[in-house]
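Asks: What follows is a structure written as structure tokens; I'll ask about it next.
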Amino acid sequence: MSIVARLIRSMFGGVVDSLAVALERLVELPRNIKQAVLVFLDMAFTLLAMWTAIALRLGHTDFPLGVMEYTCAGFTVLISAFIFLRLGLYRAVIRFMGQQAIWAMIRGVSYSTMVLTAAIFLSQIQVPRSLPFLYWVISLLLIGGTRLLARAYYHHRISSVCEKVIIYGAGESGRQLLTALSHGKQFHVVFFADDDPRLQRTVINGVQVVSPAKLERLVREHDVSQVLLALPSVAGERRRKIIQSLENLPVYVRTVPKFNDLLLGRARVGQVQDIELEDLLERAPVASHPGLIGSCISGKVVMVTGAGGSIGAELCRQILLSRPRALVLLDISEYALYNIERELRSTVRTSGLEIELIAKLGSVQNRRLLRSVFKTFSVQTIYHAAAYKHVPMVEYNVVEGIANNVLGTLYAAEEAVDAAVETFVLISTDKAVRPTNIMGASKRFAEIICQGLAPRQEHTRFCIVRFGNVLGSSGSVVPLFREQIHAGGPLTVTHAEVSRYFMTIPEAAQLVLQASAMSLGGDVLVLDMGKPVKIAELAKRMVRLSGYSIKDSDHPDGEVEIQFIGLRPGEKLHEELLLGGHEGGTDHPMIMRAKEECPCPDDINTWLKDLHEHCEQMDCDGIKTILLQAVSGFDGHEGMHDQLWNKQQALAEQTPSNVQVLFPGAS
């Protein structure tokens, strides 16, 4: 600190500190008391402005004041108080004071000046003719200046304790975001960043616009904790490049909702959220063909099994957009079904749609229920999304996983044929290709069922849609990583080299809906999902975009560690999308048609009959034997992990031969 600065501090430091304490106490007062204090101060400023105007004009303070002068001053003060109250000067909250409040002050001071001028004219007192003009200037400085100082002090106090952020994007959305954040106490915007050279070095509402090239230095110098992307209309490759440029900065990168959500009223600019899931993909989202989506939906009775799940729920949302005649929702989870049914009813009501919604609780293993629903409501299109999908969970519950994924698909498909359903769409997974786990094998067997039924049907068209992992679905890796990051880590990754194909939930739903129009019957439709994503790299990106550094052997002082815990039961390093390698094009440039071999119907029937018996007996070894015969590539399964089956086996070994076995399926 310089000598001059220390001298000024020593001379005026006490005054500044006392003023700060007084302002702190004033801010903490109840609102009605603060309004009364403001009225008193404004009236004092009015008197002071009159006295100062005369003193400035005369050049001295030794001037006489008589009864008429005091009467004139009192009249001006009382009428000014009434005017200020009527104009709402005391309704505006000073810390949120905007343009409207400033204009109200100017009008109030102008009316007060007119009152003073009239009082001088009527009382015929002798004062300088320039008094009203000087009074107007001084009053405006005193009344408006104190408010602006109080506002500046408040924002300074807030900015010293809240998070410092930079808004990336100085357009309309960025300005709206700045206004929204200025009304809160959580964030203080220190800069705008924008690529447009015309905006750089300008000032918007007191905030300077800088070039993105300066962000690294500004983040370090101003201790910025977050960068908020206000780019709702920027999409595709440009948006991903911006996010990639921010990855190495020690800031939490967040965003405002996208333009469509803002336009449809589903979100507000001030709703800051995490980076969109599709921004984590290293490819552009696949565009949909609206004409294809509606061909099996518009004006028809559509049913979604597993309607409460991640994919099933998104299917329902997008199906509504194509205006079916009725939508039947089936799910085994009461809570999941309640949530999606309530959401859809709200959409139907607010959008003025005339769509009948039917919510049915039940399992696809209940054949009687399926038959009744299909025929009663004359279902025309079925999207079969009901499945147990978590690999480890199915490994631990083999019988129920097979019964639901395989036999449930069989019952739904056969009852669809019997009810003359027009289109049956099976939602499959890349884990069905050369599976190393029970879940993947069960989904491939479900594909085989649809492939086997397809050639023999005249009225029902079967199609199969296969895609990779879905970002953001229940139990998927992205929500898990976000939860672990918020907890401070570590992030758990199974293997350093494990990779997966990824797509967003809307992409997956759109693919399914388009596939129902493009399928020829019995074929497998696969999305061109680009290159697989390494899970470890995805984890690192999420850590960096959350504003943390990676902790590893090269960076022991990092904040969040990534731990490799080993592959889970049935999990493999890399997934595939094609089994046979034969592919052809479709009407959609990003969707492939796979022609994969299917066993003969007699073998399928035999396997299904045996599979049903093994499920009834809870015989996991028998189930695995059938899967080895039926599912091509299912030969790398490492063993049975079903806890119930393993416990039964252990109990059977301990049971003497002359004692009745309690678990006949384990003997």
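Asks: Of (1) in contact with a strand residue (DSSP E or B) (Cβ under 6 Å, 6 or more places away or on another chain); (2) at pLDDT 90 or above; (3) open to solvent by 20 Å² or more (accessible area, probe 1.4 Å), ARG217 satisfies all except one. Which?
Replies: Only one criterion is unmet by ARG217, namely (1).
Asks: Could you list, in sequence order, the residues of the range 624-644 that are modelled with pLDDT of 75 or more, open to solvent by less than 60 Å² (accessible area, probe 1.4 Å) and within 41 Å of the chain's Cα centre (by Cα)?
Replies: Passing the criteria: LYS624, LEU627, VAL631, GLY633, PHE634, HIS641, ASP642.
Asks: Return the residue satisfying two criteria in turn: it lies in the range 455-494 and is basic (Lys, Arg) and open to solvent by 10 Å² or more (accessible area, probe 1.4 Å), and of such residues it is farthest from ARG254 (Cα to Cα). Give the derivation first.
Replies: Residues of the range 455-494 basic (Lys, Arg): 456, 461, 466, 482.
Going one step further and asking which of them are open to solvent by 10 Å² or more (accessible area, probe 1.4 Å), we end up with 456, 461, 482.
On the way: ARG456: 53, ARG461: 44, ARG482: 13 Å.
Filtering the range 455-494 for residues that are basic (Lys, Arg) and open to solvent by 10 Å² or more (accessible area, probe 1.4 Å), the one farthest from ARG254 (Cα to Cα) comes out as ARG456.
Asks: Let me ask you something else. Condition first: among the charged types (D, E, K, R) and in contact (Cβ under 8 Å) with a residue 12 or more places away in the chain. Can you find one or more residues in the range 483-492 that meet it? Full working, then the answer.
Replies: Filtering the range 483-492 down to residues among the charged types (D, E, K, R) leaves 483.
From what is left, the residues that are in contact (Cβ under 8 Å) with a residue 12 or more places away in the chain are none.
No, there is no match, as no residue in the range 483-492 is among the charged types (D, E, K, R) and in contact (Cβ under 8 Å) with a residue 12 or more places away in the chain.
Asks: Of everything in the range 537-558, what is open to solvent by 70 Å² or more (accessible area, probe 1.4 Å), out of contact with any helix residue (DSSP H, G or I) (no Cβ under 8 Å at 6 or more places or on another chain) and touching a residue at least 60 places away in the same chain (Cβ under 8 Å)? Give them in sequence order.
Replies: LYS551
Asks: Which residue is nearest to LYS375 (Cα to Cα), if the candidates are limited to the range 408-438 and must be in a helix (DSSP H, G or I), open to solvent by less than 10 Å² (accessible area, probe 1.4 Å) and of a type in the set (A, V, I, L, M, F, W, C)?
Replies: So, considering only residues that are in a helix (DSSP H, G or I), open to solvent by less than 10 Å² (accessible area, probe 1.4 Å) and of a type in the set (A, V, I, L, M, F, W, C), the one nearest to LYS375 (Cα to Cα) is ALA416.
Asks: Identify, from the list GLU343, GLU354, GLU334, the residue that is open to solvent by 50 Å² or more (accessible area, probe 1.4 Å) and under 19 Å from LEU513 (Cβ atoms).
Replies: Working: GLU354 fails: under 19 Å from LEU513 (Cβ atoms); GLU334 fails: under 19 Å from LEU513 (Cβ atoms).
The unique qualifying residue is GLU343.
Asks: Restricting the search to the range 423-473, which residues are touching a strand residue (DSSP E or B) at 6+ places or on another chain (Cβ under 7 Å) and aliphatic (A, V, I, L, M)?
Replies: VAL425, LEU426, ILE427, ALA432, ALA446, LEU453, ALA454, ILE464, VAL465, VAL470, LEU471
Asks: Looking at the range 110-141 only, could you name the residues that are open to solvent by less than 90 Å² (accessible area, probe 1.4 Å), of a type outside the set (A, V, I, L, M, F, W, C) and outside any helix (DSSP H, G or I)?
Replies: First pass over the range 110-141, keeping only residues open to solvent by less than 90 Å² (accessible area, probe 1.4 Å): 110, 112-113, 115-120, 123, 125, 127-128, 130-132, 134-140.
In the following step, the residues that additionally are of a type outside the set (A, V, I, L, M, F, W, C) were identified as 110, 112-113, 117, 123, 128, 130, 132, 135, 139.
Of everything in the range 110-141, those that are open to solvent by less than 90 Å² (accessible area, probe 1.4 Å), of a type outside the set (A, V, I, L, M, F, W, C) and outside any helix (DSSP H, G or I) turn out to be PRO128, SER130.
Asks: It is to be established whether one or more residues within the range 429-436 are touching a Pro at 6+ places or on another chain (Cβ under 9 Å) and either of a type outside the set (Asp, Glu) or modelled with pLDDT of 95 or more (or both). Please lay out each step first, then the result.
Replies: Residues of the range 429-436 touching a Pro at 6+ places or on another chain (Cβ under 9 Å): none.
The answer is no; no qualifying residue exists.
Asks: Right, another one. Which of the residues belonging to the range 181-210 are crowded, with 20+ Cβ neighbours inside 10 Å and part of a loop (DSSP other than H, G, I, E, B)?
Replies: ASP194, the sole residue that qualifies.
Asks: Is the range 143-156 home to any residue that is open to solvent by less than 10 Å² (accessible area, probe 1.4 Å), at pLDDT 85 or above and either closer than 22 Å to LEU246 by Cα or of a type in the set (A, V, I, L, M, F, W, C) (or both)?
Replies: No; the residues of the range 143-156 include none that is open to solvent by less than 10 Å² (accessible area, probe 1.4 Å), at pLDDT 85 or above and either closer than 22 Å to LEU246 by Cα or of a type in the set (A, V, I, L, M, F, W, C) (or both).
Asks: Considering only residues of the range 601-638 that are among the charged types (D, E, K, R) and part of a loop (DSSP other than H, G, I, E, B), which is nearest to GLU575 (Cα to Cα)?
Replies: Filtering the range 601-638 down to residues among the charged types (D, E, K, R) leaves 602-603, 609-610, 613, 616, 619, 621, 624, 635, 638.
Retained after the next criterion (residues that are part of a loop (DSSP other than H, G, I, E, B)): 619, 635, 638.
Working: ASP619: 28, ASP635: 15, GLU638: 17 Å.
Within the range 601-638, the match that is nearest to GLU575 (Cα to Cα) is ASP635.
Asks: Only one of (1) in a helix (DSSP H, G or I); (2) open to solvent by less than 30 Å² (accessible area, probe 1.4 Å) is not met by LEU525, so which one is it?
Replies: Here LEU525 clears every test but (1).
Asks: Pick out the one residue from GLY585, GLY665, GLY580 that is over 30 Å from ARG544 (Cβ atoms), modelled with pLDDT under 70 and in contact with a His (Cβ under 9 Å, 6 or more places away or on another chain).
Replies: Working: GLY585 fails: in contact with a His (Cβ under 9 Å, 6 or more places away or on another chain); GLY580 fails: in contact with a His (Cβ under 9 Å, 6 or more places away or on another chain).
Of GLY585, GLY665, GLY580, the one residue that is over 30 Å from ARG544 (Cβ atoms), modelled with pLDDT under 70 and in contact with a His (Cβ under 9 Å, 6 or more places away or on another chain) is GLY665.
Asks: Among residues belonging to the range 470-494 that are part of a strand (DSSP E or B) and under 18 Å from the mean Cα position of the chain (by Cα), point out the one that is nearest to VAL512 (Cα to Cα).
Replies: In this case the residue turns out to be VAL470.
Asks: Read through the list (1) crowded, with 19+ Cβ neighbours inside 10 Å; (2) among the basic types (Lys, Arg); (3) outside any helix (DSSP H, G or I), then give the number of the only condition that LYS531 fails.
Replies: The failed condition is (1).
Asks: I'm checking my understanding of the structure. Among residues of the range 161-180 that are among the aliphatic types (A, V, I, L, M) and touching a Leu at 6+ places or on another chain (Cβ under 8 Å), which one is surrounded by the most Cβ atoms within 10 Å (Cβ to Cβ)? Quick ask: steps written out before the conclusion?
Replies: The initial filter retains those residues of the range 161-180 that are among the aliphatic types (A, V, I, L, M), namely 161, 165-167, 170, 177-178, 180.
Next, only the ones that are touching a Leu at 6+ places or on another chain (Cβ under 8 Å) stay: 165-167, 170, 177.
Values: VAL165: 25, ILE166: 24, ILE167: 28, ALA170: 24, LEU177: 26.
Within the range 161-180, the match that is surrounded by the most Cβ atoms within 10 Å (Cβ to Cβ) is ILE167.
Asks: Something else: Across the range 357-389, what is the total count of residues that are over 24 Å from ARG444 (Cα atoms), aliphatic (A, V, I, L, M) and open to solvent by less than 20 Å² (accessible area, probe 1.4 Å)?
Replies: Of the residues in that region, 4 qualify.
Asks: Would you confirm, using the coordinates I've provided, whether LEU357 is more than 24 Å from the chain's Cα centre (by Cα) and closer than 17 Å to SER298 by Cα? Before the answer, list the steps.
Replies: Values: more than 24 Å from the chain's Cα centre (by Cα): yes; closer than 17 Å to SER298 by Cα: yes.
Spelling it out, LEU357 is indeed more than 24 Å from the chain's Cα centre (by Cα) and closer than 17 Å to SER298 by Cα.
Residues checked against (1) within 20 Å of ALA150 (Cβ to Cβ); (2) in a helix (DSSP H, G or I); (3) at pLDDT 75 or above; (4) open to solvent by 40 Å² or more (accessible area, probe 1.4 Å):
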position: VAL15; (1), (2), (3), (4): yes, yes, no, yes
position: ASN32; (1), (2), (3), (4): yes, yes, no, yes
position: TRP51; (1), (2), (3), (4): no, yes, yes, yes
position: PRO64; (1), (2), (3), (4): no, no, no, yes
position: LEU89; (1), (2), (3), (4): yes, no, no, no
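Asks: Take ILE402 and tell me if it is part of a helix (DSSP H, G or I), touching a Ser or Thr at 6+ places or on another chain (Cβ under 6 Å) and either on the phi < 0 side of the Ramachandran plot or not β-branched (Val, Ile, Thr) (or both). Steps first, please.
Replies: Working: part of a helix (DSSP H, G or I): yes; touching a Ser or Thr at 6+ places or on another chain (Cβ under 6 Å): yes; either on the phi < 0 side of the Ramachandran plot or not β-branched (Val, Ile, Thr) (or both): yes.
It is true that ILE402 is part of a helix (DSSP H, G or I), touching a Ser or Thr at 6+ places or on another chain (Cβ under 6 Å) and either on the phi < 0 side of the Ramachandran plot or not β-branched (Val, Ile, Thr) (or both).
Matching residues to (1) basic (Lys, Arg); (2) over 22 Å from ALA413 (Cα atoms); (3) without any contact (Cβ under 8 Å) to a residue 24 or more places away in the chain:
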{"position": "VAL301", "(1), (2), (3)": "no, no, no"}
{"position": "GLY308", "(1), (2), (3)": "no, no, no"}
{"position": "CYS316", "(1), (2), (3)": "no, no, no"}
{"position": "ASP331", "(1), (2), (3)": "no, no, no"}
{"position": "ARG345", "(1), (2), (3)": "yes, yes, yes"}
{"position": "GLU354", "(1), (2), (3)": "no, yes, yes"}
{"position": "VAL373", "(1), (2), (3)": "no, no, no"}
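Asks: Only one of these conditions is not met by ILE83: (1) open to solvent by less than 80 Å² (accessible area, probe 1.4 Å); (2) modelled with pLDDT of 85 or more; (3) not aromatic (Phe, Trp, Tyr). Which number is it?
Replies: (2)
Asks: Out of everything in the range 450-461 that is in a helix (DSSP H, G or I) and closer than 12 Å to ASP523 by Cα, what residue ends up being farthest from the chain's Cα centre (by Cα)?
Replies: In the first step, residues of the range 450-461 are kept if they are in a helix (DSSP H, G or I); the result is 450-456.
Imposing the further condition that a residue be closer than 12 Å to ASP523 by Cα reduces the set to 450-455.
Details: CYS450: 36, GLN451: 38, GLY452: 41, LEU453: 40, ALA454: 40, PRO455: 43 Å.
Looking at residues that are in a helix (DSSP H, G or I) and closer than 12 Å to ASP523 by Cα, I get PRO455.
The values are calculated or read from the model by the stated rules, or taken from the named source; none is laboratory data. Only a predicted model underlies this, so the values are computations on that prediction, with no experimental measurement involved. Heads up, the Cβs are rebuilt from the backbone with ideal geometry, glycines too, and the neighbour counts pull from every protein chain shown. In case anyone asks, the SASA skips ligands and DNA or RNA and just uses the protein heavy atoms, side chains included. Shrake-Rupley method; radii C 1.70, N 1.55, O 1.52, S 1.80 Å.
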